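Colleague: Sharing a structure below in C-alpha cells format, with a few things to ask.
The values are calculated or read from the model by the stated rules, or taken from the named source; none is laboratory data. None of the values given here were measured: they were computed from a predicted structure. Backbone-built Cβ (ideal geometry, glycine too); neighbour counts: all protein chains shown.
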Amino acid sequence: MNQLLFKNARIFDGAQADCAEGMFVRVADGLIQEVSAQPISAPQAQLIDVGGRTLMPGMIDAHVHAFASDVAVQKIEALGEAYRTAHAARMLSHALACGFTTVRDVGGGNYSLYRALADGLLVGPRYLYAGKILSMTGGHGDMRQVEERPRYQAICGCGDTPLFNSFAVIADGVDACLRAAREELRQGAHCIKIMGSGGVASPTDPIWMNQYREDEIRAVVNECTERRTYVSSHCHPASAVRRSVEFGVRSIEHGTLIDDDTARFVAERGAYIVPTMAIIFALVELGRQLGFPAQSQEKADFAFKQAISGMDSMRRAGVKVCFGTDLLGSTYSHQCREFTLRNQVFTPLELLRQATSVPAEMMMMDGQIGCVAPGAHADLLVVEGDPLQDISLLADSGRHLRTIVRGGAVVKNELH
C-alpha cells in the first residue's frame, strides 16, 4: 500500500479542544506511523497539502442496520437477501462518503457482509457487527403480528429449530440465551445485543415494557466478559436502562425515555448511551408516507415527544454519549442530520467526541480508531472549515470533506 504524507494540517485528535497547527502525518501499511510538528521525510509518499484545514479522525456511527432495506420489517423479509444486500451496499457507500469510516451494525449484520467489505467487493466503512439480536418471545425482536400462531419453537437446550428473522433470534431462559450468544460470537460478532425493552418497530410489545429477566441478562453479560467483549441493550424507558446497566450491560441503545436519576446512575457506572435521533425524527415526518405500520407509528410519535429532553438529561449527568442513527430503508440519507438534531443540546466539541473517541472507547477500540495518533488505523478526514466552531460542516453529507482516507486508502481527495 502506498504511503501518504499530510502536511500543514490543523489536527483535531478526537479528544482535545486545542488543535495543533502546521502538523505532519505519515501513513503507511494502513496505519498512522508518525504525527509530528517537524517536517517528515517520506520521498516515496503521496503528498497531501492540507493547507491549514482541519485533519480529524474518520467518524463512527455506532448504531446502524445495514440490511434494513425498508421501514417495515415485513417488507424487508419479503424482498429477500439479495435486495437487503443491495441496500446495504448503497447505505454503506453513502456512509463512507459522509465521512463515517467505521460503523457498528447492532442487528442483522453478519460475517458475509464483513468479508465482502474487507475484501473490497463493496466500498464502505470498517464494519463491526453484533450478529442477530437476542429477543425474548413477544419482545422487540419478535415481529409476528398478534394474530399469528407459533410457527417454530424457541431455542432451548434440546436442539429445537430457533424462531428468527433477518435481525433477531428468539431465546427464552438462561440456557437458550447462552446458546444464542455463543452462536453469534462463533460467527464473529463483535459484541452481543439484547432487547432490553419494548420498541417502536415491533407490533406486540409496549415501548415501556422491560424485557429479559435479571438471570438472563447477567448470563449473557458473563458470557461476553469471558470472550473479552460486551453487551449492548436496546432500551427506551428509564427502568430498562437502569436495570440493564445494573446487570452489567456496557452500551445502551436509544435511551429515549431516560430521566435525570437514571442518567446519573448510568454516568456513575461508566456505561455508554447511543441515542438515535435521526430515525425518530424521520419516522415522525415520513413514516406514514413510507408505509410504516400504524401501531408502530403511534409508538414513534410517543418517543419523539421526549427525545431531545432525554439527551439533555444525559448531558447534565455527564453520560458518555456515542453517535448513532438507526436509519431504516430510504431514510439512510438522513445520517448526517443526527449532528443537527443533537446540536440542540450538545456543543460541537461534544459532538465531535461522540462521533470519534467516545464510541471507540465504548467498542474497546480506543487507540485504534477515532483518534489521530501513531499506531491507529489511518482513517482520516480533511474538513473545509472548522467543525469545532460549526458542526454543520459535518451535517451536509460529506460536501465539506476535501479528503477521506479509510485504512490508509484514499477514498476521496480534492487537494493537490
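Colleague: Among H400, H377, which is the only one that is outside the structural domain of A95 (by TED's automatic domain parsing) and in contact with a helix residue (DSSP H, G or I) (Cβ under 6 Å, 6 or more places away or on another chain)?
Modeller: The conditions single out H400.
Colleague: Follow-up. What number goes with the only condition from (1) assigned to a loop (DSSP other than H, G, I, E, B); (2) under 28 Å from T229 (Cα atoms) that F292 does not pass?
Modeller: (2)
Colleague: Considering (1) part of a loop (DSSP other than H, G, I, E, B); (2) surrounded by fewer than 21 Cβ atoms within 10 Å (Cβ to Cβ), say which one D215 fails and leave the rest.
Modeller: Unmet condition: (1).
Colleague: Here is a follow-up. Is segment 104-114 home to any residue that is at pLDDT 95 or above, in a strand (DSSP E or B) and out of contact with any Asp or Glu (no Cβ under 8 Å at 6 or more places or on another chain)?
Modeller: Checked segment 104-114: at least one residue is at pLDDT 95 or above, in a strand (DSSP E or B) and out of contact with any Asp or Glu (no Cβ under 8 Å at 6 or more places or on another chain).
Colleague: Quick one: in segment 269-283, of everything that is touching an Asp or Glu at 6+ places or on another chain (Cβ under 8 Å) and in a helix (DSSP H, G or I), which residue is farthest from V345 (Cα to Cα)?
Modeller: R269
Colleague: Being among the hydrophobic types (A, V, I, L, M, F, W, C) and touching a residue at least 40 places away in the same chain (Cβ under 8 Å): is that true of A267 here?
Modeller: Yes.
Colleague: Of all residues in segment 353-397, count the ones that are buried (at least 20 other Cβ atoms within 10 Å of the Cβ), assigned to a loop (DSSP other than H, G, I, E, B) and of a type in the set (G, A, S).
Modeller: Here the count works out to 5.
Here is a yes/no grid of residues against (1) assigned to a loop (DSSP other than H, G, I, E, B); (2) of a type outside the set (S, T, N, Q); (3) in contact (Cβ under 8 Å) with a residue 40 or more places away in the chain:
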{"residue": "T225", "(1), (2), (3)": "no, no, no"}
{"residue": "H236", "(1), (2), (3)": "no, yes, yes"}
{"residue": "G287", "(1), (2), (3)": "no, yes, yes"}
{"residue": "A300", "(1), (2), (3)": "no, yes, yes"}
{"residue": "M311", "(1), (2), (3)": "no, yes, no"}
{"residue": "S330", "(1), (2), (3)": "no, no, yes"}
{"residue": "S333", "(1), (2), (3)": "no, no, yes"}
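Colleague: For A9, indicate whether it is crowded, with 24+ Cβ neighbours inside 10 Å, more than 30 Å from Y129 (Cα to Cα) and not assigned by TED's automatic domain parsing to the domain that holds T204.
Modeller: So A9 fits the description; yes.
Colleague: Okay, moving on. Across segment 55-82, what is the total count of residues that are farther than 25 Å from E253 by Cβ, at pLDDT 95 or above and surrounded by fewer than 24 Cβ atoms within 10 Å (Cβ to Cβ)?
Modeller: 1
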